[in-house]
Amino acid sequence: MGTATPTASERRPTGVARTTLYVVASLTALTAVLAAPFVLTPLPFAPSTPATRARLQALLRRHATARATFVDIGCGDGAVVRDAARLGFGRAVGIERNPLLALYTVFRCRGLPNVSVRCADMFRLAWTGADVVYIYGGERIMAAVAAKAARELRHGAILISNSFGLPTDDAAASDAFQLVLRSPPLRVYQRR
Ligand SMILES: C[S@@+](CC[C@H](N)C(=O)[O-])C[C@H]1O[C@@H](n2cnc3c(N)ncnc32)[C@H](O)[C@@H]1O
């Protein structure tokens, strides 16, 4: 007795199999879309730890006035921007290249009228007008950050870096900024 060959209709996926296939394909596509901004952004995305945020809040408190502008260049999940806004900065600005994180920051800072979020490359926006700039980026961008900050920040403005300092071997950065405080992993610089 020979084995029965399945007919064409028997070979076609059943309704359940087809639905499963669609669901798996959709989830894969959604994952790819959501992951793309993270893969394409070269810096670490890890937000500041609660302990670092507590230190940062203590530092920010000294500069938070209704006339002062705070800018987080690479604001990630927006936690620091929200802290700055709640501490009393007249303006707290988050710049974030990853659109999903920028959206999340908008959501997280809802109800805070002094917050604005720009989904953009930090190097393509002017930082002029900022009184306090905060950066938690990667070591390899710190020279570019120092150069732009030196060009655009007013004398007396504050630059706070998390984990990665301004390059000490860069004469222009050393001329423009003075390290005024260390509260590891934070460094506070002042524009000369
Ligand atoms: C380490 S996270 C820091 C997040 C937040 N500032 C904090 O301290 O919790 C760095 C963020 O910078 C963003 N980023 C990287 N390059 C950028 C660029 N050129 N312009 C704007 N944002 C950038 C990344 O997407 C990431 O969300």
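The values are calculated or read from the model by the stated rules, or taken from the named source; none is laboratory data. Just so we're clear, the structure is a prediction, and the values are computed from it rather than from any experiment. Cβ sites come from the backbone with ideal geometry, for glycine too, and all protein chains shown count toward neighbours.
Per-structure values
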quantity: Per-region count, the range 166-192, residues in contact with a helix residue (DSSP H, G or I) (Cβ under 7 Å, 6 or more places away or on another chain) and either within 17 Å of L59 (Cα to Cα) or assigned to a helix (DSSP H, G or I) (or both); calculated: 8
quantity: Residue list for the range 92-128, filter: touching a Phe, Trp or Tyr at 6+ places or on another chain (Cβ under 9 Å) and surrounded by fewer than 19 Cβ atoms within 10 Å (Cβ to Cβ); calculated: L100, N114
quantity: Sole exception among (1) modelled with pLDDT of 95 or more; (2) touching a helix residue (DSSP H, G or I) at 6+ places or on another chain (Cβ under 8 Å); (3) over 30 Å from G138 (Cβ atoms); (4) not charged (D, E, K, R) for P13, by number; calculated: (1)
quantity: Matching residues, the range 43-55, being within 8 Å of the ligand (Cβ to nearest atom) and not β-branched (V, I, T); calculated: L43, P44, F45, A46, P47, S48, R53
quantity: Residue check for R154: assigned to a loop (DSSP other than H, G, I, E, B), closer than 19 Å to V188 by Cα, of a type outside the set (S, T, N, Q) and in the same structural domain as R187 (by TED's automatic domain parsing); calculated: yes
quantity: Tabulated pairs, the range 169-188, first touching a residue at least 40 places away in the same chain (Cβ under 8 Å) and over 17 Å from G156 (Cβ atoms), second part of a helix (DSSP H, G or I) and of a type in the set (D, E, K, R), C-beta under 6 angstrom, 6+ apart or interchain; calculated: S183/R55; L186/R55
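Per-residue answers, yes or no, for (1) of a type outside the set (F, W, Y); (2) more than 16 Å from the chain's Cα centre (by Cα):
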| position | (1), (2) |
| --- | --- |
| N98 | yes, no |
| C109 | yes, no |
| V115 | yes, no |
| W127 | no, no |
| I141 | yes, no |
| R151 | yes, yes |
| R154 | yes, yes |
| A176 | yes, yes |
| Q190 | yes, yes |
